[in-house]
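J.: Take a look at the following structure, please.
The values are calculated or read from the model by the stated rules, or taken from the named source; none is laboratory data. The model shown is predicted, which means the values in this text are computed figures rather than measured ones. Because the Cβ atoms are built from the backbone with ideal geometry, glycine has one as well, and the counts that use them run over all protein chains shown.
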Ligand code: SF4
Ligand code: SF4
């Protein structure tokens with residue numbers, strides 16, 4: 001299960017395409033955090049990943065995290081808690097960094113590329129403040145990955161952006177700028193599905209030479225998904241069965257993207273709703289309808305097991321809150337899944353050809369899928385090497 005804790009929707013940055021933050025907002029109290037813990041004690045007995053998201057979650061401050069992490073790790077130890085945080089790092093300091101190190105918390109931050117490009121999209125001064133926080137996190141041995149949001153403007157500089165992350169040895173995850181249900185602020189920046197698909201193909205091609213020097217999380221997940229026939233990030237699984245978000249005031253939503261939207265409120269932690277009660281709410285029924293829609297609409301697609309129709313929020317954004325279509329990035333998903341699937345099958349065919357020849361020569365053989373058995377593509381790695389990383 002994935003529990004997203006949103007300590008505040010406030011954020012000091014002012015990124016041009018952001019729809020998930022406000023300049024002022026309530027900050028979650030320790031009492032609300034305690035209510036979350038008490039609620040989860042009886043909710044579901046399965047491993048939980050807690051992700052602190054926002055807004056800007058570090059605005060909640062050191063005391064909030066010290067209290068939250070101590071209580072979660074001691075009182076919810078039966079749920080084998082794992083943690084993650086998504087932050088712009090502006091408020092990172094030595095105290096917070098050593099606390100996060102103690103709980104082994106991987107950090108996701110946001111940086112769109114070189115300073116000028118980044119600050120054009122995310123506002124003046126952003127780059128420097130984030131890099132300062134990154135240095136502190138690095139000094140404490142924290143694992144930091146950056147999300148680069150590609151807009152319909154920055155996509156024209158994709159080579160320069162990738163080069164920046166490569167040169168600086170920064171681990172990277174990409175994210176397409178998306179339209180939002182909440183505001184139209186991001187519409188002018190949204191990345192077209194075809195451009196997103198081409199970007200993923202470009203990155204895959206680059207990564208086949210560089211998988212030992214940089215971590216490109218999207219490509220890792222996508223290759224692994226095709227190989228294992230199941231999704232590894234929320235976009236490609238039935239998130240409605242396993243993801244919940246808690247807003248600063250303790251209200252529960254199906255995902256952080258719906259926080260502060262009354263139509264998607266499904267309960268309050270202080271009332272300790274059961275899983276069954278949450279699933280009976282209007283919003284969860286709508287998401288279950290989406291799951292059934294995907295089963296029907298995507299049934300002929302060979303990628304259905306590890307795509308699952310993409311993100312329901314993205315689909316609802318363009319369909320006026322009705323279940324009438326899948327994630328509009330379907331085109332991009334097909335492009336990259338088709339390519340990985342094709343390359344993986346070529347690799348397997350090649351491995352089996354080798355195997356046949358070995359069997360003919362003598363009956364003593366082993367099957368190695370990976371570096372030793374790959375078609376000669378001129379690339380250092382195969383998609384199978386990446387899937388098995
Ligand atoms: S609605 Fe989208 S972003 Fe939210 S959990 Fe589901 S797939 Fe992830
Ligand atoms: S790639 Fe498109 S058609 Fe295939 S499962 Fe995903 S959303 Fe459905």
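J.: Give the residues of the range 320-346 that are surrounded by fewer than 16 Cβ atoms within 10 Å (Cβ to Cβ) and within 14 Å of ligand 1 (Cβ to nearest atom), sorted by residue number.
T.: Within the range 320-346, just 321 meets the criteria.
J.: Still on this structure, please answer the following. Give the residues of the range 224-248 that are closer than 21 Å to residue 267 by Cα, near ligand 1 (Cβ under 9 Å from one of its atoms) and in a helix (DSSP H, G or I), sorted by residue number.
T.: Within the range 224-248, 239, 240 meet the criteria.
J.: Taking the range 304-314 only, how many residues are in a helix (DSSP H, G or I), within 22 Å of residue 257 (Cβ to Cβ) and within 8 Å of ligand 2 (Cβ to nearest atom)?
T.: 1
J.: Go through (1) closer than 23 Å to residue 192 by Cβ; (2) within 15 Å of ligand 1 (Cβ to nearest atom); (3) within 20 Å of the chain's Cα centre (by Cα); (4) in contact (Cβ under 8 Å) with a residue 24 or more places away in the chain and name the single condition residue 298 misses.
T.: Unmet condition: (3).
J.: If we keep just the residues of the range 289-303 that are surrounded by fewer than 16 Cβ atoms within 10 Å (Cβ to Cβ) and in a helix (DSSP H, G or I), which is farthest from ligand 2 (Cβ to nearest atom)?
T.: 289
J.: Right, here's the next one. Would you mind telling me which numbered condition in (1) outside any helix (DSSP H, G or I); (2) away from ligand 2 (no atom under 16 Å from the Cβ); (3) buried (at least 19 other Cβ atoms within 10 Å of the Cβ) residue 214 fails?
T.: If we test residue 214 against (1) outside any helix (DSSP H, G or I); (2) away from ligand 2 (no atom under 16 Å from the Cβ); (3) buried (at least 19 other Cβ atoms within 10 Å of the Cβ), just (3) comes out false.
J.: Restricting attention to the range 141-154, does a residue exist that is more than 23 Å from residue 51 (Cβ to Cβ), surrounded by fewer than 19 Cβ atoms within 10 Å (Cβ to Cβ) and at pLDDT below 95?
T.: Within the range 141-154, one or more residues are more than 23 Å from residue 51 (Cβ to Cβ), surrounded by fewer than 19 Cβ atoms within 10 Å (Cβ to Cβ) and at pLDDT below 95.
J.: Of the residues that make up the range 67-85, is at least one at pLDDT below 95, over 19 Å from residue 254 (Cβ atoms) and either part of a loop (DSSP other than H, G, I, E, B) or in contact with a strand residue (DSSP E or B) (Cβ under 7 Å, 6 or more places away or on another chain) (or both)?
T.: no
J.: Go through the range 28-64 residue by residue and tally those that are buried (at least 21 other Cβ atoms within 10 Å of the Cβ), on the phi > 0 side of the Ramachandran plot and modelled with pLDDT of 95 or more.
T.: Final tally of qualifying residues: 0.
J.: In addition: Would you mention how many residues in the range 315-349 are out of contact with any helix residue (DSSP H, G or I) (no Cβ under 8 Å at 6 or more places or on another chain) and under 18 Å from residue 258 (Cβ atoms)?
T.: Result for the range 315-349: 4.
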